[in-house]
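The structure under discussion appears below in the form of structure tokens.
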Amino acid sequence: MLRRKRWRFAMLAILPTLAIFAWVRIYPIAETLRLSVHKWDILSKNKPFIGLANFRELFSDRLFIEALTNTAIIAFGVLLITIPLSLVLAALIHHRARSRLAGFYETAIFIPHVVSLVPAAMAWKWIFDAKLGPLNNLLGWFGVAPKAWLFDPVLAVVCVIVLCSWQALGYAVLIYLVGFKSLPVSLYEAAKLDGATGPQSFRLISVPMLKPITLYVSVVTLVSGFNVYAQAFVLASDAQGAPGRQVRVLVLDMLENSFRNYRVGYAASEAVVLLLIVLLLTLMQFSFLREKGGRT
Amino acid sequence: MSIADARPGEMTAAEIALGRSRRRRRRAADRLIDVLLTVVSCLMLLPLLFLVSNGFKTPQEMLAWPPTIIPNEPTFANFSAVLRDTPLLRWIGNSLVFAVLSSISILATSAIAGYILAKFPFRSLSVLFMVILATAIVPFEVYMIPLYFQAQALGLLNTTWGLLLGYLVMSFGIFLIRQNVIHSIPDELIEAARIDGAGELWIFWRIVLPLLRGALGALGVLAFFQAWTAFAWPLIVASRSEAYTIEVGLALFQTGFTVDLGRVSAASALVLIPSITLFVWLRRNFVQGVASTGLKE
């Protein structure tokens, strides 16, 4: 009786949240999956079922391949810069945790992660600017010829990677700092008694002990890398889609197919590819963690 | 070593000297680390500093090399020009309303659902929780196109409600509150209140919510910044200038042909300064919220 009453309260209380959740999460996710196997151009009424034809077309679509390649390069590029750098920075900040400047370091490195994306990207757009930008001037001191950073298709990808890494770094450092605080102090004291230097205990204790955190931060960085859009939009697009000036990324290609080419079903199949990538990364993280749990 | 262990009180002069030099070397290393970290911190902030300073520069000074951090002849011309030519304040207002409403909705839904999922052991609820966790993995970008058509069908394009549609709930928020309830509110407390004859609603309102204040604060700041910095969703939902959020407005403003860097910088600075101030003010909450995203295990 009492249990029944409690059950009724729980259901009633959770119902509104559940309804919203079904409405703005479950339904659109299901709809993405459904649309991906249908042909639908916004204008026509009927949406014929076409099986996997969208997916088959995707992998012979030059623009999609370009978008997928760029996005993957960006995601892994950000990963390669962010992880080692943030691990070292977090170790140094943790080492100086008692210094008066520790709060300043943390805040300064974290601010790029919280500031609005577009204004921050604007700052970098100026830095990379071919004529006005300080980067070309700075490189000029070392005898490097000025480059059109944002116009060159390869260099523009590098610029997006730099911008994304600058933003991702703060988050990674913060998570690593939480990790460092959870490591047992006794381990380091023992190492010190055995004559280990700071860098040695970093390499032989911290790095292996923080492996689960490294895994987590890597997956988060990769997933957000695969969803990159605003950064590429601001840095590498000028007058609305002028050709040759864009770093084509997955989300951009998806939105273009949906809203410019009116091929919603096709865009949905791209979304499903993005989802599969993210799922794969997440599953990899869990299986690695389970493996580690099994060993200890 | 063994001798020193045997007689801890007495050290030879050589040992003392060795310890002193080691300590001195360590202190020098710490100074070096401090210098390195200060340089890195300043480099991280430098792009933003330049952005703000560029907003105050005349077109001539923008060309100067090396660039000045403090403008020689600061001018407000850029600021008055962007405020005159673009509805910047309106965009900021749109973003503000959107972010506040989104935070309220996320806080309300997360608090209730998180509490119910933590303290009511019914099988149907644990299935529900698994579903919520599973959808948390799906990035927003994956389902935003169908969501756009939902907004369109409801006639919500170019409205705050349309923006809100994508940011009403946060799976992570529900998860965060559930974890907090499990760790910080003992079952006995709720049982005792029930025995005293308290209603379920009263318990939630008077006992659970006050105990969750810290977690809700962190989540609220997280939700606010999430909406404030949203980009792809506002970009497709708002197609009319008066409905833009500040992110979208700025991004499209800077693609115009006649726009010069000074004005873009001024507009960006106007957006950055309040959000950095807000961040520094709410830093504790924010860091706590973000740090908790890493504790999913």
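Taking 56 Å as R0, compute the FRET efficiency from the Cβ-Cβ separation of A:R100 and B:W161 and round it to 0.05. Please report the intermediate quantities before stating the final value.
Working: r = 48 Å, r/R0 = 0.85.
After rounding to 0.05, the efficiency reads 0.70.
So what's the back-of-envelope 222 nm ellipticity for the protein assembly as shown, counting only DSSP H runs of four-plus at -39500 (n - 2.57) apiece and dividing by all residues, rounded to 500? Working shown, then result.
Working: 30 runs with 426 residues, N = 593.
Counting only the DSSP helices, I get -23000 deg cm²/dmol.
Let a ≥ b ≥ c be the square roots of the eigenvalues of the Cα gyration tensor of the stretch A:57-295; is it rounded (a/c under 1.5), or, if not, prolate (a/b larger than b/c) or oblate?
Working: a/c = 2.65, a/b = 1.46, b/c = 1.81.
Oblate shape, in that a/c is at least 1.5 and b/c is the bigger or equal ratio.
Using only the Cα atoms of chain B, build the gyration tensor, take square roots of its eigenvalues as a ≥ b ≥ c, and label the shape rounded, prolate or oblate: rounded if a/c is under 1.5, else prolate if a/b is larger than b/c, else oblate.
It comes out oblate by the Cα gyration axes.
Ordered by residue, what ³J(HN,Hα) values in Hz, to whole numbers, does the stretch B:20-28 give under the Karplus form 6.51 cos²θ - 1.76 cosθ + 1.60, where θ = phi - 60° and Gly and Pro are x?
5, 5, 5, 5, 5, 5, 5, 5, 5
Calculate, in whole percent, how much of the Cα-Cα pair population of the protein assembly as shown lies beyond 43 Å.
Result: 27 percent of Cα pairs exceed 43 Å.
Which distance in Å, rounded to a whole number, links the C-alpha centroids of the stretch B:113-164 and the stretch A:132-206?
The distance from the Cα centre of the stretch B:113-164 to that of the stretch A:132-206 comes to 36 Å.
Under 5 Å between amide hydrogens, which residues at least 5 positions from A:H38 or on another chain qualify, with H placed 1.01 Å from N in the peptide plane?
Amide H to amide H, under 5 Å and 5 or more residues apart or across chains, A:H38 pairs with A:I50.
Count of lysine pairs in the protein assembly as shown with Cα atoms under 29 Å apart, counting only pairs 8 or more residues apart in sequence or on different chains?
Lysine pair count for the protein assembly as shown: 17.
What is the spread of the Cα atoms of the stretch A:65-141 along each of their three principal axes, largest first, in whole Å?
Taking the Cα atoms of the stretch A:65-141, the three principal extents are 46, 33, 29 Å.
For the stretch A:105-219, what number results from the quotient of the Cα radius of gyration and 2.2 N^0.38 Å?
Its radius of gyration relative to the 2.2 N^0.38 Å reference: 1.46.
Need one value for A:278-288: mean number of C-beta atoms belonging to other chains within 10 Å of its residues' C-beta atoms.
1
Quick note: the coordinates plus some simple rules give every number you see, no bench work behind them. As the structure is a prediction and not an experimental result, all values here were calculated from the model. Ideal geometry is used to build each Cβ from the backbone, glycine not excepted, and the neighbour counts take in all protein chains shown.
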